[in-house]
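Since the structure comes first, as structure tokens, the remarks are kept for the end.
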Amino acid sequence: MAKTGIIRDIDKGRGEVIRVEISEYKGQTFFNIRVWYTDPNGELKPTQKGIAIAPTLVNELKEAIEEAERWLA
């Protein structure tokens, strides 16, 4: 079984963060990138904005991000 947990919270501003994590759902492990918001009680809650992908696709996602960095340079 893979290790699960929060890798990083990236401040998006206005009480929102982009949370990068390894999570488990129904016995399956996922690489999850999701927007979370701060509720009125100050607790972070997940939104529907995000993706959860199989760990086997993480390398392809990494390559796509590296390509995007080259485009933006």
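The values are calculated or read from the model by the stated rules, or taken from the named source; none is laboratory data. Given the structure is predicted, the values throughout are model-derived calculations rather than measurements. Methodologically, a virtual Cβ is constructed for each residue, glycine included, from the backbone with ideal geometry; neighbour enumeration extends over all protein chains shown. We work out accessible area using only protein heavy atoms, side chains counted, and drop any ligands, DNA or RNA first. Shrake-Rupley method; radii C 1.70, N 1.55, O 1.52, S 1.80 Å.
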Task: Net charge dipole size for the chain [Lys, Arg +1 and Asp, Glu -1 on Cβ; Debye, nearest 20] - done: 180 debye
TODO: Please work out, to two decimal places, the log10 of the ratio I(q)/I(0) at q = 0.14, 0.17, 0.18, 0.22 Å⁻¹ from a Debye calculation in which every Cα of the chain carries one identical scatterer.
DONE: -0.53, -0.74, -0.81, -1.05
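May I ask you to give the solvent-accessible area per residue for the chain, in square angstrom, as obtained with a 1.4 angstrom probe?
Working: 5880 Å² over 73 residues.
Accessible surface, normalised per residue, equals 81 Å².
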- [ ] Could you please state how large a percent of the accessible area of segment 1-51 is carbon and sulfur, counting protein chains only and using a 1.4 Å probe?
- [x] 51 percent
- [ ] For the chain, set up a Gaussian network in which alpha carbons nearer than 10 Å are linked by springs, and say which option among I51, I33, I18 fluctuates the most.
- [x] I51
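Please give the calculated 222 nm ellipticity per residue for the chain, where each DSSP H segment of at least 4 residues contributes -39500 (n - 2.57) and the sum is spread over every residue; nearest 500 deg cm²/dmol? Could the numbers behind the result be given before it?
Values: 1 runs with 15 residues, N = 73.
It lands at -6500 deg cm²/dmol.
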